[in-house]
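Heads up: the structure comes next, in structure tokens.
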Amino acid sequence: MPNPTLRPHAHPDAAAFRDPIELAAALAGLGPAVRARTRAITRHHAMLLRVRIQKNASGRPGPNVITGQYRASWDVTTAGGQVSVVVFTETPQSRRLEYGFVGVDQLGRQYRQPPYPHIEPAYRQTEPGVVQALRTGVLPR
């Protein structure tokens with residue numbers, strides 16, 4: 001049976017708060033658990049993204065593996081107390097490999113390197129799972 005104090009289209013299990021202090025207290029009580037779960041979901045999917053990038057950087061259609069150093073250079077870091085992570089590499093060739101490069105580099109070498117997308121496809125594959133997990137609060141098994 002719908003809660004009569006709510007709007008007609010509200011979920012029947014929705015709580016009705018008339019006092020902003022009461023609402024703030026209820027939200028504050030949820031905060032630590034929600035933050036911890038969101039951090040876990042975000043970190044899980046960041047690690048998954050890193051693995052997918054590394055897999056895509058293991059030969060065609062992505063870049064070929066020569067030494068394996070580029071593939072191993074990908075890492076994940078968390079940003080302080082915030083719910084955010086960064087999947088990154090500090091190697092100079094990452095942009096050239098992802099987007100290609102036509103022109104002369106700083107050393108005067110001429111390039112006509114095609115793009116070997118490996119980051120964008122991994123992101124596109126990972127994004128729906130992140131959104132779904134954040135929406136439901138559940139990590140995939």
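The values are calculated or read from the model by the stated rules, or taken from the named source; none is laboratory data. What you are looking at is a predicted structure, and each value in this text was computed from that prediction instead of being measured. Positions of Cβ are backbone-derived with ideal geometry, glycine not excepted, and every protein chain shown enters the neighbour counts. The protein model used for the area step is the full one, side chains on, heavy atoms only, and it has no ligands, DNA or RNA in it. Shrake-Rupley method; radii C 1.70, N 1.55, O 1.52, S 1.80 Å.
Worth a mention:
- Each other residue within a Cβ distance under 13 Å of Leu49 adds +1 if Lys or Arg and -1 if Asp or Glu, for a net charge of +2.
- Taking only protein heavy atoms and a 1.4 Å probe, the accessible area of segment 14-140 is 58% carbon and sulfur.
- If you take all other residues with their beta carbon under 12 Å from the beta carbon of Val83, and give Lys and Arg +1 and Asp and Glu -1, the sum is +4.
- Summing charges over neighbours of Ile119, with a neighbour being any other residue whose Cβ is under 15 Å away from its Cβ, gives +2 when K and R count +1 and D and E count -1.
- Cβ-based charge dipole, segment 11-141, positive-most Cα from Thr42, Asn56, Thr78: Asn56
- Volume in Å³ per residue [convex hull over Cα atoms, computed for segment 56-129]: 119 Å³
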